[in-house]
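See below for the structure under consideration.
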Amino acid sequence: MKALTRLLGLGLFLVAPSALADGISIAPSALPNDARAKLENDIAAARVAQPKVFAAVKNVKGHRPEHYGKYRNPYPTATRELRGLGPAALLPMLDALAFQAPDRGKLTDAEWDALAIGMLEAVGVIKDARASSVVGAIFEASALRPGVRLAAARAAGRLGGDAELALLTGHAKSGDPLELAAIHGLGEMMRLEAAKHVAQILGSTKDAKVAEAAATALGTLGSSWAWKSLGPKAQATGLEVRKVCASALAPRAVRGNAGQRVAASDALLMVEHPDTLDLIRAQRSIKGTDARAVDGLIARVERQQKRAPK
Amino acid sequence: MVRYRWLTSSVITLGVVACGSDSGGGGGSGPPDIIDVVADTSRDGLVNAEDPKDQDRENEWDATVGASFIANLDDDDMDGKRDCDDEIINGPADLADLAMFKVSAWPTAPADAEGVVTIDPEAAESVRIWRDNPDGSLALVLGSKGPCTSAADCSYALEYRFPQAEVMTGVTFRIEGRRFKGMPMPSLNPQDDGKKFLWSGFVDVGFMVAKKGTGERYATADVPDGIDRVKLRVAPWLMFGSLGLHDTLYSSGFYSPLVEGNTAAAQAAGVTYNPYASNPTQPGGWTDIWTEDFFQTGWTGFPGPNGTVQGMRIFNPRPWGRPPSQTPTPEQVKEYHPTRWIWGNPEMGRPAAALGPDRGAAEFYNPENFQKGNTQDSHGNHDLVPPHKDYKMGRILHGNKVMQNTVDFYTAQGVQGPPIVLDTTWLAVEHVDEFFHFVPAKTPLGWKLLVASPALMTKMLEDLKSKGQGSAVLHQGYGSNFEKSVDQSLADTKLVQWSQAADVKIQGHIDQMKMETGLTDADIIEIPTWFEDLGGEEKVAWNPGMVNMRMMGSVASIAKPFGPVIGGKDPFEEDIFARLGGPSSQLGADGQGLKVFFTDDWSYHDSLGEVHCATNESAPAPFAAGFWWETAK
């Protein structure tokens, strides 16, 4: 699939997105044949069985100026509405993204993208493997604006299957144009393999933007609250993942530029691994460590550990 | 300078003219020679040439001495024009807004003398100065002349001369500011930021007695160079903040449940509340429902007699407005700019919602930024940390992407700045009022900080679960993004992950506040709040953001939480009553807790805001114990 979509991407790179897309973000032809056929059947059946949900997806308003113009920050976002439609909206959203876009009318690029981003955010939360091919194809599609690609990466990460792991780790490599998006996508994937891959990136990269993205991703996928939400059975894996995250984050939290340090420090506080303080203290003796940053971070972690919401 | 001493020999010349010469004057042992200008340097609200406190150090300005005046931006005669924008005195109330300075009488002034009052060129475009005429009228004599709607219809007078007869009797002058320090004006080139900030905010007034025809100055022992000087400073603009003694509450009438909740709270607080129509076709109709965001309220004032402060409340608009059409015409952009709400528009039948007697209006951003800026320029992102440390009048707090014009203006006031800046870019709306709110408390500090707390929200849900209430449903009937049981909420991996990320950010903000203000944990009260993400670094309160509240004295209008109903009660409401409403909170003027009103703001919540965002308020000037001029800032 990746080879096909890359080839398609190269061939169509100079073509305007609207010309190639039957869906909002991609044309059906961007999907592997078997996945495409299966989805077409599923969507057709769902359209008959649940016409109201299709109508609801079609009628979301958050990306339309007459609606978002009333938001406190008047920017287009349909994410809440689409998430609110629940799992039943999966196939209507996949239909809109890859097969049959709603009428764009006079929507601007930002408004049109908001619809795609909202759908991808919602699809990721639904976490249904039927979305895999669409999300993967959108992630790799050419002529895609960054916000949509990033949303596709996050959705892929949330789906969290082996295909998504391969897709994202394949792009999370130095020099790959999709590297940053792929790292963010891996951050949504609560798997040990994802953690190790991103930790390796954080440990080796000299690129500040990549380091910041990797630190943020590790905080997300190592989130202690998120692991707790998965219940007791996930705790052992969670602890292992969080250890990988914390071990990679500690050095970055006390070295490098301010942006990286903030991202790494915040991420460490999300991971909340029991060894966090020891990992930070161990940085003291390493060349390039900012001793004040170590002290400050230790104090922050200690405050967090003592904190009891009251 | 010290001037008011009886002189035994006052006649001095300065390449100049000697008083007591045969040109007249009171040399020798006769009456004194007097070359004196005096203002309210002592800050007692009186101008008294015989008061050494008005005379000593009259050319200085610090925490203990220095005269001041205000930018006269209200409309006492309600002609739709600010009082400083015309060349008349608009009645007794307007006159009271002008600060006085006097040229003392020199009864034995030489026959060839004339009085000369000067102001420094930098100040001329920022002030208008009148003199009292013998017939009781006033005449504009110094500073800006003309309507000054642009540089083309404004001229500047730096010097005013009056005849010997008036040197003998003395002359009273009145001064008003046309702007605050750092504030742009139409008569200044908007591109010229350098000029905008050039004015120090001070006016240096000089008085001399010149020999008519030659221009030579008379001098005395006390005024050896022949020029007496006094320094006056324009009063700063000061933000009210949530602890202001507010008397008026504003909001749109767009969502009746919000109006109902606010009405109850406003009545309890004794605050006037008349929501404006949201339909633009109705009288005063205004489509922007985010009332906190499109204007800010503050005040200005200078010393009045008997410890009073003479001043006015000031309304300033956000740079950008929300025209009802998505493809507005230039006329609609102007018609629905926040300036029109404040000033009104007689041509369209729109009354002024703010400008009026003791209610001033001013734009603080550069005019070239009209309809520019972004969400961070909304005033829900600009708040006042109440008094602390050296910031006796509080210190402004705002997000990190505010228009530089505005930041410069805040800093230029010198009293409530430089602002504390928090990185709010992790939020979809990017406003500080989404996670912080300041409330009155009977503590040494006098206030506490309420903070949105995802950790507390988690704990409360976990407590409910442990009490067997896992199936209780939050936000019943509000769609599957919001309607979740306690168990479902705690198992929603993304929701808790987003909330934890928000928690870390907020804890970072708290750390910064502790460092900047000296806050301690005892001064902080957590309010349960989870956050959802709309698409990467776009977080917004998931449950109604209760911290995003409206304070009216000790009365709070707080977003109704719509928590689970257990035994007929909402445990989140009960928690807030306990947390904020009881004596253990130390909150309120009497320390017995806030009077809490829950207001249904769901429609606003669904549009990314809450009660604070949906409302605004103002107070009569002055607000605050103590005086800004004593802050030495």
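Among the conditions (1) part of a loop (DSSP other than H, G, I, E, B); (2) touching a Lys or Arg at 6+ places or on another chain (Cβ under 7 Å); (3) not aromatic (F, W, Y), the only one that A:G175 does not satisfy is (2).
Identify the single condition in (1) at pLDDT 95 or above; (2) under 30 Å from B:V540 (Cα atoms) that B:N369 does not satisfy, given that it satisfies every other one. Every listed condition holds for B:N369 apart from (1). Counting the residues of region A:133-148 that are buried (at least 20 other Cβ atoms within 10 Å of the Cβ) and not in a loop (DSSP other than H, G, I, E, B) gives 9.
Residues are listed down the side, and each one gets a yes or a no for (1) in contact with a Phe, Trp or Tyr (Cβ under 9 Å, 6 or more places away or on another chain); (2) farther than 21 Å from A:R80 by Cα:
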site	(1), (2)
B:V555	yes, yes
B:L580	no, yes
B:S584	no, yes
B:G588	no, yes
B:G593	yes, yes
B:F597	no, yes
B:V611	yes, no
B:E617	yes, yes
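Each residue in region A:229-281 was checked for being within 14 Å of chain B (Cβ to nearest Cβ), closer than 19 Å to A:A293 by Cα and hydroxyl-bearing (S, T, Y), and 2 pass.
Cβ-Cβ contacts under 6 Å between residues 6 or more apart (or on different chains), taken from a first residue in region A:63-84 that is farther than 16 Å from B:Q326 by Cβ and within 7 Å of chain B (Cβ to nearest Cβ) to a second residue that is crowded, with 18+ Cβ neighbours inside 10 Å and among the charged types (D, E, K, R), are listed as A:T79/A:E121.
Using the structure shown, decide if B:K392 is crowded, with 17+ Cβ neighbours inside 10 Å, away from chain A (no Cβ under 14 Å) and out of contact with any Lys or Arg (no Cβ under 6 Å at 6 or more places or on another chain). Break it down into steps so the answer makes sense when it comes.
Details: crowded, with 17+ Cβ neighbours inside 10 Å: yes; away from chain A (no Cβ under 14 Å): yes; out of contact with any Lys or Arg (no Cβ under 6 Å at 6 or more places or on another chain): yes.
It is true that B:K392 is crowded, with 17+ Cβ neighbours inside 10 Å, away from chain A (no Cβ under 14 Å) and out of contact with any Lys or Arg (no Cβ under 6 Å at 6 or more places or on another chain).
Test B:S584 against the stated conditions and say whether it is farther than 24 Å from A:W227 by Cβ and not in a loop (DSSP other than H, G, I, E, B). Answer is yes for this residue.
Applying the criterion of being without any contact (Cβ under 8 Å) to a residue 24 or more places away in the chain and outside any loop (DSSP other than H, G, I, E, B) to the residues of region B:81-105, the residue that is nearest to B:G360 (Cα to Cα) is B:D94. Just one of (1) surrounded by fewer than 23 Cβ atoms within 10 Å (Cβ to Cβ); (2) more than 14 Å from the chain's Cα centre (by Cα); (3) not charged (D, E, K, R) fails for B:L245. It is (2). If you check B:F577 against the conditions, is it of a type outside the set (A, V, I, L, M), in contact with a strand residue (DSSP E or B) (Cβ under 9 Å, 6 or more places away or on another chain), at pLDDT 95 or above and surrounded by fewer than 19 Cβ atoms within 10 Å (Cβ to Cβ)? In short, yes.
The residues listed here are A:A217, A:A246, A:A195; of these, the one that is in contact (Cβ under 8 Å) with a residue 24 or more places away in the chain, under 28 Å from A:I286 (Cβ atoms), touching a Ser or Thr at 6+ places or on another chain (Cβ under 9 Å) and buried (at least 22 other Cβ atoms within 10 Å of the Cβ) is A:A246.
Only one of the listed residues (B:A455, B:A428, B:A472) is within 7 Å of chain A (Cβ to nearest Cβ) and over 34 Å from the mean Cα position of the chain (by Cα). That residue is B:A455.
Taken over region A:76-98, the criterion of being surrounded by fewer than 20 Cβ atoms within 10 Å (Cβ to Cβ) and either not assigned by TED's automatic domain parsing to the domain that holds A:A181 or not in a helix (DSSP H, G or I) (or both) is satisfied by A:G86 alone.
Looking at A:R261, A:R255, which is the one that is touching a Gly at 6+ places or on another chain (Cβ under 6 Å) and either at pLDDT below 95 or charged (D, E, K, R) (or both)?
Details: A:R261 fails: touching a Gly at 6+ places or on another chain (Cβ under 6 Å).
The conditions single out A:R255.
For the residues B:E532, B:E537, the requirement of being touching a residue at least 24 places away in the same chain (Cβ under 8 Å) and surrounded by 19 or more Cβ atoms within 10 Å (Cβ to Cβ) singles out B:E532.
The values are calculated or read from the model by the stated rules, or taken from the named source; none is laboratory data. Remember, predicted model here, so these are calculated numbers, not experimental data. Ideal geometry is used to build each Cβ from the backbone, glycine not excepted, and the neighbour counts take in all protein chains shown.
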